[in-house]
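The values are calculated or read from the model by the stated rules, or taken from the named source; none is laboratory data. What you are looking at is a predicted structure, and each value in this text was computed from that prediction instead of being measured. Cβ atoms come from the backbone with ideal geometry, glycine included; neighbour counts cover every protein chain shown. The accessibility values were calculated without ligands, DNA or RNA, using every heavy atom of the protein model including side chains. Shrake-Rupley method; radii C 1.70, N 1.55, O 1.52, S 1.80 Å.
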Amino acid sequence: MPQLYYDMLYFATFVIVFWAIVRAGGGAFKATPGAFSKIVMGLSFLTGFSIIQLLGNQGLMSGLPFMNDPLIRQMIEAALIVIGLITLLTGVGTWLPSWTRSKTPRSKYQKRYYCLKMINQILTKKLDFDTAMDQITSFLSVYLEIPKCAAFKYSNRNETLYLASACGFESRKPEVFREITLSQTELKNTLYKSRVIINVGNHPVFSHGREPSILIPIHNQGQIYGAILCWMGDKPKIDDDFMDFLSSISEVTGTFTANLIKTTGVKIMRKHQKTNQEIASLCNQVSSAQQLMHPFYRTLKKNLGVEYMSLADLDNSGENMMRYTIGASGRMLLEKGVSLSTKGTEIEAIFKNCAPILSPQVTPEMKLAGDDGLFISSRMESKLACPIKSGNKVLAVMVLGNSHPGYFKQMHLNQVMNLTDLISPVLQRERLSRKLETLDDQVVRLQLMERKLQGEVDIDEFFENACELLTKRMKCTMARISLVDEDKKTLISHAHRTVRETGISLNDKSIIPLSLLPWHKMAIDAEKPMMINQEDAESRMQPQESTQTLMPNIKSAMLVPITLNNKVRGIISIGEVRNWNRRSFNTGDMLIVRDVAAKCSTALKINKLESGPKHSIMEPVFEESYASANREFLTKIKSPITSIMGAVELLQNHTDTEDEKAIRYQIMIMKSADRLKELTDWDAVSSFVHDSEEIEPEQVIG
């Protein structure tokens, strides 16, 4: 017979044996799952040997490294045979005694004894509930010959039994038994009796099929942890000893479950404490939300299984957010702190209600709503959104996601809410830091404007810089500085600035009659600032005025006059396209604009610039009052100067002529007094008033 036939025979033999063992694994090897694994592993090695031998003898492995050498190939085949046989024989040696005992005729009492012994051995190991129940149901099936049985764990929160393991069914967790809601069955009162029940059929559990024969509660000290349901056939043989045996199983499984819950609770508590310590240490090291994102995401991913995280830092209105988002890849996504609107989103709802949102399953309606495009595009199926609060005020909202439906549960929400208390100080520090930086920057820029006023000033450039300061530091949409003519009939635009390209012409250097601008005229006539809110009927600006001086789509505005010598010479117009809630002007904004208006007034003085024909900066009335004040001042200082001169003359008469130093000092004092006396002469005062233009600091509008 050719070598190919021998090789094919070996290969087919091992494959058939392997298939038979795997198929029989659900029954013959239930009591010894470890032996079954070793037998399968040994057969896998032997099957691999037969494949290498078959391909090598046919020359199909010549292209592989080392396999074209017959000696090396034979060594690999020998190693596979040895390892396979040792593993196979070890598994068979472990399984055979158990199989022999199961085939040896025994009394029903011996079977129950061995079953309880095996269950006790399993429960002494550190196994989770599902794994332990899987082996217990296997022992019940093998030793007690129960055709079908299923173990369930009980949730006291929603009164539901959840399937942990099943034996004798087509699958380990049949869909039909996944959940049993006790409130809809007669099983609730039966289960709470904490004793083994026969003929459960008198208390219907399932509406789709045959009821179980036996119910074994898993309980400890009056607490229900689960149940084992058994299907014994049409006429089960149950005596008092068998009931005592089932009661023993109920007690030992209940004790095991109670200890498991305590141990698990301690582990979870320690894990939560460790997580809290890590987050607390992290929050002490960072100073902003952006710095916090990556390490915080890694901690949540390791401890909570989070795959997606976004942090939305809200303003006081709750209608604006600076959001940072990290997807399943662990990288920062598109937004990176861009200012966004919260209108119509879950973020807005959380800000208003101060309540978290737990969505174990993201519904199709939520996906179609488009609330959070990045969350949906990252293919997240479970969502948890939690507010970050300082007292009763919401500072930010954290959204977590996982790609598995039903992943997030109440315990995740409880832990995340504890973590948000640790994050809150970081956001508060960042807000305070941003506020201080803004104030420092405003002070520095105002100081720079003050320095420019010490020399010659290009008024248009100065106004452009002022508009840039207002738009950047106030975060408003646009700013314009205009001057008024002598008769207060015309408004002349000199500078404007926007924060972005709007596609709308702001009519630079445009001349607009004040008769068309009622709000501007009111501010100029009253010499007081004006606030405009387009959503308020009493403070609404007409479209004609907003289009001419600001922008057609503004939602709010602020008008601040520029005064010079108690007379309005211009006006600063601030416009905002966001609604009043998203961006409302406050007292701090008003102070900034009034300070800038004062600097603009000083610039006008220095340049002697007014709209229309140029006149002297000092009006006649002002000149007269100014001269009068100086006369009064100089009159007051004449008397002490005269006294000084008289005192020096007396000193000269009583001073020794040989004291040269005293005489020299007296002469110096007399010369200085003579110079001061000359300055108090009225002719000199008149010349001083007309030739000097000393500039007083402009007072901010009251």
FRET efficiency (SER643, LEU591; Cβ distance; R0 60 Å; to 0.05) is 0.80
Label model pair TYR665, TYR113: point-to-point distance (7 angstrom along the Cα→beta-carbon line) in nm is 12.7 nm
Highest mean packing first, using Cβ neighbours within 10 angstrom, the peptides 583-594, 466-477, 353-364 sort as 466-477, 583-594, 353-364
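How do the peptides 418-428, 279-289 rank, highest first, by the average count of neighbouring beta carbon atoms within 10 Å per residue?
Highest mean packing first, the order is 418-428, 279-289.
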Here, SER515 and GLU527, labelled 7 Å along Cα→Cβ, have an inter-label distance in nm of 2.6 nm
The correct pair for the stretch 383-539, radius of gyration to one decimal and Dmax as a whole number, both in Å and from Cα atoms, is 24.1, 73
When every protein chain stays in place and a 1.4 Å probe is rolled, ILE83, ILE21 sorted by accessible area with the largest first are ILE83, ILE21
Here the residues of the stretch 381-413 lying in the modelled label zone of GLN428, meaning backbone nitrogen under 14 Å from a point 7 Å along Cα-to-Cβ, are 388-396
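Report the gain in length on full extension from ASN57 to GLN410: 0.36 nm times residue separation, minus Cα-Cα distance, nm rounded to one decimal. Could you put the intermediate results ahead of the total?
On the way: separation 353, 0.36 × 353 = 127.08 nm, distance 6.18 nm.
Result: 120.9 nm gained on full extension.
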For the stretch 234-287, using Cα atoms only, the Rg and Dmax in Å read 23.0, 73
Here the residues of the stretch 283-300 lying in the modelled label zone of LYS435, meaning backbone nitrogen under 12 Å from a point 7 Å along Cα-to-Cβ, are none
Unit-weight point scatterers at every alpha-carbon of the stretch 468-573, Debye formula, q = 0.12, 0.18, 0.20 1/Å: log10 I(q)/I(0) is -0.36, -0.85, -1.07
Expressed in square angstrom to the nearest 10, the accessible area of TYR109 with a 1.4 Å probe stands at 110 Å²
Ignoring ligands and nucleic acids, VAL17 exposes an accessible area, probe 1.4 Å, in Å² to the nearest 10, of 60 Å²
Of the accessible area of the stretch 349-434, computed with a 1.4 Å probe and all protein chains kept, carbon and sulfur make up a percent value of 57 percent
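Evaluate E = 1/(1 + (r/R0)^6) for GLU450 and LYS302, where r is the Cβ-Cβ distance and R0 equals 51 Å; express this FRET efficiency to the nearest 0.05.
Efficiency, rounded to the nearest 0.05: 0.40.
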Quick tally, 1.4 Å probe accessible area for MET321, MET75, sorted with the most first, runs MET75, MET321
Simple spin-label estimate for LYS352/ASP485, 7 Å along Cα→Cβ, in nm, reads 5.1 nm
For PHE242, PHE45, the accessible-area ranking with a 1.4 Å probe, largest leading, is PHE45, PHE242
Cα-based Rg and Dmax for the stretch 551-608, in Å, come out at 13.4, 41
Sorted on mean Cβ neighbours within 10 Å (highest first), peptides 136-144, 485-493 come out as 136-144, 485-493
